[in-house]
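This report refers to the structure that appears directly beneath it.
The values are calculated or read from the model by the stated rules, or taken from the named source; none is laboratory data. Note that the coordinates shown come from a computational prediction; the quantities given were computed from them, not determined experimentally. Note that we place each Cβ from the backbone using ideal geometry, even for glycine, and neighbour counts take in every protein chain shown. We work out accessible area using only protein heavy atoms, side chains counted, and drop any ligands, DNA or RNA first. Shrake-Rupley method; radii C 1.70, N 1.55, O 1.52, S 1.80 Å.
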Amino acid sequence: MDGDRRRWRQCLLGGAVFAVCMAGTTLPTPLYGLYQEKFGFSELMVTVVYAVYAFGVIGVLLLAGNASDTVGRRPVLLAGLAFSAASAVCFLCATGMGWLYAGRLLSGLSAGLFTGAATAYVMELAPKGGTSRATFVATAANMGGLGCGPLLAGVLAQYAAWPLYLPFVVHLALVAVSAAVLARLPETVRDRQPLSTVRPQRPGLPPQVRSVFAPAAIASFVGFALFGVFTSVSPAFLAESLDVHNHAVTGLIVALAFFASTAGQLAVGRIGVGRSLPLGCAGLLAGLALLAGALWWDLLALVVASAVVGGVGQGLALRGALAAVAAASPPDRRAAVISMLFVVAYTGISLPVIGVGLLVGPIGLEGAGLVFIACMAVLVVAAAGYLLRRPARAPA
């Protein structure tokens, strides 16, 4: 019993480190308006800065998504924390767009190293028989950390001094504490190899994972696409169309989507993996419809409702996808397979976000948002139909 308690404590500490890293990736979200005033760039540049992060994540997942299976989880996660700290330093030194691009790219490298490795690490730290709960800890740390970033930055920017500096100073302190915690946690990879043995992974999946991976990847792509556009353009929409200039309120609304995702993940235990994926798609479709209404009628209440409903749908889909894929993966390939799932998910963040940014100029922010919603609605319906015909199987 004492051993199980110690393992759960280690699992939760690993989840806390995961959350700190992911919070750093969304920390600039409510600050982009201030950066626009300071550097004078367009809404397209906001989406490009945001998408640079996704390209960094995808690059690392493809090139080194399997690194922690080889050299161990802790060295990879410590490297991720180092990139997170370097990103914060770039934002602290920012005197132009180049610093923002560098900061977002480093943040993407950090998230890319953490996404697969930290998910596998948190699950492996849990005691035997605790896979389901550990999966929730990992996905909740991921989404909860993403939600804490804009909330922390928004509150500090609105109610404290130095709005473009203090959030990153606080994050640097949290990263330092996280590194100290990680140094005291055990390594879970037994047969470790030198760094020189790590090779870029080819896009591929073990045969036993393929039937599970397709529906999981579809649901993940749609959920991350909704979150990508919501977090990149909603601050501008709130300020320009709804006259909401309070950074704390902006950060809270963005954070609600991620916190609602955590609630959706918690519900998977009762709903079941097989049903959570199609139900998640239904929630995403409802969230898209509410967002369309918010853009059409300029209603703050619908923006909030969209964040909550869409977030719950994304959480249902994400945890169901992750549980199904992790259960089907062989242990020595688990981090690599999870990384491939997030490659698809982060593709959903990058391409639609840039598309919306390109459309803002000719048709306006609301028009670009409605075009995005229409495209994502078609994809959600197609994904739900696929999942109903070929449902993901619950893990044993």
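Taking a ≥ b ≥ c as the square roots of the eigenvalues of the Cα gyration tensor, region 113-169 is prolate, since a/c reaches 1.5 or more and a/b is larger than b/c.
Below 8 Å between Cα atoms, with a sequence gap of 6+, how large is the relative contact order for region 253-342 in percent?
On the way: 126 pairs, mean separation 36.1, N = 90.
Computed value for region 253-342: 40 percent relative contact order.
Overall, the accessible surface of the chain at a probe of 1.4 angstrom is composed of carbon and sulfur to the extent of 67 percent.
Over the chain, the reciprocal of the mean inverse Cα-Cα separation, the Kirkwood hydrodynamic radius, stands at 20.6 Å.
Quote to one decimal, in nm, the extra length available between L195 and Q208 on full extension: 0.36 nm per residue of separation minus the C-alpha distance between them. List each step's numbers first, then the result.
Values: separation 13, 0.36 × 13 = 4.68 nm, distance 2.79 nm.
Roughly 1.9 nm would be gained on extension.
Residues whose amide H falls under 5 Å from that of V189, counting only those 5 or more places apart or on a different chain, are R73, with hydrogens built in the peptide plane.
The residues of the chain expose, per residue, 39 Å² of accessible area to a 1.4 Å probe. Mean sequence separation of contacting Cα pairs (under 8 Å, at least six apart), scaled by the length of the chain, corresponds to a relative contact order of 26 percent.
In this simple spin-label approximation, M97 and A183 carry label points 7 Å from Cα along the Cα→Cβ vector, and these lie 4.0 nm apart. Computed 3J(HN,Hα) for region 250-263, one whole-Hz value per residue from the Karplus formula 6.51 cos²θ - 1.76 cosθ + 1.60 where θ = phi - 60°, is 4, x, 5, 5, 5, 5, 4, 4, 6, 5, 5, 4, 4, 5, glycine and proline marked x.
Highest GNM mean-square fluctuation among R104, R74, R190, for the chain modelled with Cα contacts below 10 Å: R190. Normalised radius of gyration (Cα atoms, divided by 2.2 N^0.38 Å) for region 139-225: 1.62. Geometric descriptor of region 7-123, per residue, is 91 Å³ (volume of the convex hull of the Cα atoms). Working note: 222 nm ellipticity from helices only, DSSP H runs with n ≥ 4, each -39,500 (n - 2.57), summed and divided by the residues of the chain, gives -29000 deg cm²/dmol to the nearest 500.
Please sort by residue number the chymotrypsin sites (Phe, Trp or Tyr not before Pro) in region 256-309 whose DSSP state is loop and whose Cβ has at most 10 other Cβ atoms within 10 Å. Display every interim value, and only then the final one.
Numbers: sites: F258, F259, W296, W297; in loops: none.
Nothing satisfies the criteria.
Largest mean-square fluctuation among L146, L322, L358, in a Gaussian network model of the chain whose springs join Cα atoms under 10 Å apart, belongs to L358. In order along region 363-376, phi translates into HN-Hα couplings of 10, x, 5, 5, x, 4, x, 5, 4, 4, 4, 4, 5, 5 Hz, rounded to whole numbers, per the Karplus curve 6.51 cos²θ - 1.76 cosθ + 1.60 with θ = phi - 60° and x for Gly and Pro.
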